1. Could you count how many residues in region 69-103 are open to solvent by 50 Å² or more (accessible area, probe 1.4 Å), of a type in the set (Val, Ile, Thr) and in contact with an Asp or Glu (Cβ under 9 Å, 6 or more places away or on another chain)?
2. Could you please let me know if ILE35 is under 14 Å from the mean Cα position of the chain (by Cα) and surrounded by fewer than 21 Cβ atoms within 10 Å (Cβ to Cβ)?
3. For residues that are within 16 Å of ligand 1 (Cβ to nearest atom) and part of a loop (DSSP other than H, G, I, E, B), scanning just region 38-61, find the one that is most open to solvent (accessible area, probe 1.4 Å).
4. What are the residues in region 123-145 that are among the charged types (D, E, K, R), under 17 Å from the mean Cα position of the chain (by Cα) and away from ligand 2 (no atom under 13 Å from the Cβ), if any?
5. Considering region 20-54 alone, what residues qualify as being of a type in the set (Lys, Arg), within 16 Å of ligand 2 (Cβ to nearest atom) and touching a strand residue (DSSP E or B) at 6+ places or on another chain (Cβ under 9 Å)?
6. Hey, among ILE31, ILE88, which residue is touching a residue at least 40 places away in the same chain (Cβ under 8 Å), aliphatic (A, V, I, L, M) and at negative phi?
7. Can you say whether PHE104 is away from ligand 2 (no atom under 16 Å from the Cβ) and in contact (Cβ under 8 Å) with a residue 12 or more places away in the chain, as far as the supplied structure shows?
8. Restricting the search to region 1-32, which residues are assigned to a loop (DSSP other than H, G, I, E, B), among the hydrophobic types (A, V, I, L, M, F, W, C) and open to solvent by less than 30 Å² (accessible area, probe 1.4 Å)?
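The values are calculated or read from the model by the stated rules, or taken from the named source; none is laboratory data. Keep in mind the model is a prediction, meaning the values are calculated, not measured. Using ideal geometry, Cβ is built from the backbone for each residue, glycine included, and neighbour counts are taken over all protein chains shown. The accessibility values were calculated without ligands, DNA or RNA, using every heavy atom of the protein model including side chains. Shrake-Rupley method; radii C 1.70, N 1.55, O 1.52, S 1.80 Å.
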Amino acid sequence: MSKVEAFLTPEEEKEIISAIRTAETNTSGEIRIHIEASSEKEHYERALEVFHLLKMDNTKDANGVLIYVAVKDHKFVICGDKGINDVIAENFWDTTKNVIQDHFKKGNFKQGIVDGILKAGLELQNHFPWQTDDVDELSNEISKG
Ligand code: CA
Ligand code: CA
C-alpha cells in the first residue's frame with residue numbers, strides 16, 4: 001500500500017467528505033482536499049499547480065480553497081482563489097493553519113483535515129455567505145496524486 005493510501009482509512013475519508021459538505025453549507029466557497037506522498041517542487045508552488053489541475057480556478061466567484069497535503073514531506077498548504085485573496089487579510093488562513101498543525105503534530109491527520117475544513121468554512125462565511133441558489137461547483141471527493 002502506498003503512503004497515500006495508508007494515510008486515511010475509508011471511514012476517515014468519509015468523515016472528511018462529510019466535513020466538506022458541512023463547511024459548504026456555511027459558505028459559497030468551495031473546499032477541496034488533495035493528498036499526495038511528496039513533491040519535488042516547493043510545496044506552495046505544487047499546491048498552486050494542483051489547484052489549476054483540479055480546475056479549481058473555474059468557480060463563479062473565484063472562491064475555491066485547496067488544502068494540499070504532502071504526507072511523506074509532513075507539509076501542507078492552504079491556497080485560495082483570486083476572489084478570496086482580493087478580500088482577505090494576509091494572515092486570514094493562520095487560524096485554520098494552526099488548527100491543522102496542532103492535530104498533525106500529534107499525528108491526528110484525519111482530525112486535522114476535518115477541523116481545518118470546518119474552520120475554513122466558518123472563516124469564509126463572512127466574505128462568501130451561503131446563497132440559496134448555491135451550486136456544488138467542485139467535487140467534495142478527496143483528490144489523490
Ligand atoms: Ca458551492
Ligand atoms: Ca464542493
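1. Within region 69-103, residues that are open to solvent by 50 Å² or more (accessible area, probe 1.4 Å), of a type in the set (Val, Ile, Thr) and in contact with an Asp or Glu (Cβ under 9 Å, 6 or more places away or on another chain) number 1.
2. Numbers: under 14 Å from the mean Cα position of the chain (by Cα): yes; surrounded by fewer than 21 Cβ atoms within 10 Å (Cβ to Cβ): no.
No; evaluated as a whole, the condition is false for this residue.
3. To start, the set of residues in region 38-61 that are within 16 Å of ligand 1 (Cβ to nearest atom) comprises 54-61.
Subset that is part of a loop (DSSP other than H, G, I, E, B): 54-55, 59-61.
Details: LEU54: 41, LYS55: 130, THR59: 14, LYS60: 160, ASP61: 67 Å².
Out of the qualifying residues, it is LYS60.
4. Kept after step one, since they are among the charged types (D, E, K, R), are these residues of region 123-145: 123, 133-134, 136-137, 141, 144.
Now restrict to residues that are under 17 Å from the mean Cα position of the chain (by Cα): 123, 136-137, 141, 144.
Of everything in region 123-145, those that are among the charged types (D, E, K, R), under 17 Å from the mean Cα position of the chain (by Cα) and away from ligand 2 (no atom under 13 Å from the Cβ) turn out to be GLU123, LYS144.
5. Initial filter on region 20-54 (of a type in the set (Lys, Arg)): 21, 32, 41, 46.
From what's left, within 16 Å of ligand 2 (Cβ to nearest atom): 21, 32.
Within region 20-54, ARG32 is the sole residue that qualifies.
6. Values: ILE88 fails: touching a residue at least 40 places away in the same chain (Cβ under 8 Å).
Step by step, each of ILE31, ILE88 is checked, and only ILE31 is touching a residue at least 40 places away in the same chain (Cβ under 8 Å), aliphatic (A, V, I, L, M) and at negative phi.
7. Values: away from ligand 2 (no atom under 16 Å from the Cβ): yes; in contact (Cβ under 8 Å) with a residue 12 or more places away in the chain: yes.
So PHE104 fits the description; yes.
8. Within region 1-32, the subset assigned to a loop (DSSP other than H, G, I, E, B) is 1-2, 8-9, 24-26, 28-29.
When the remaining residues are screened for being among the hydrophobic types (A, V, I, L, M, F, W, C), the result is 1, 8.
Answer for region 1-32, where residues must be assigned to a loop (DSSP other than H, G, I, E, B), among the hydrophobic types (A, V, I, L, M, F, W, C) and open to solvent by less than 30 Å² (accessible area, probe 1.4 Å): just LEU8.
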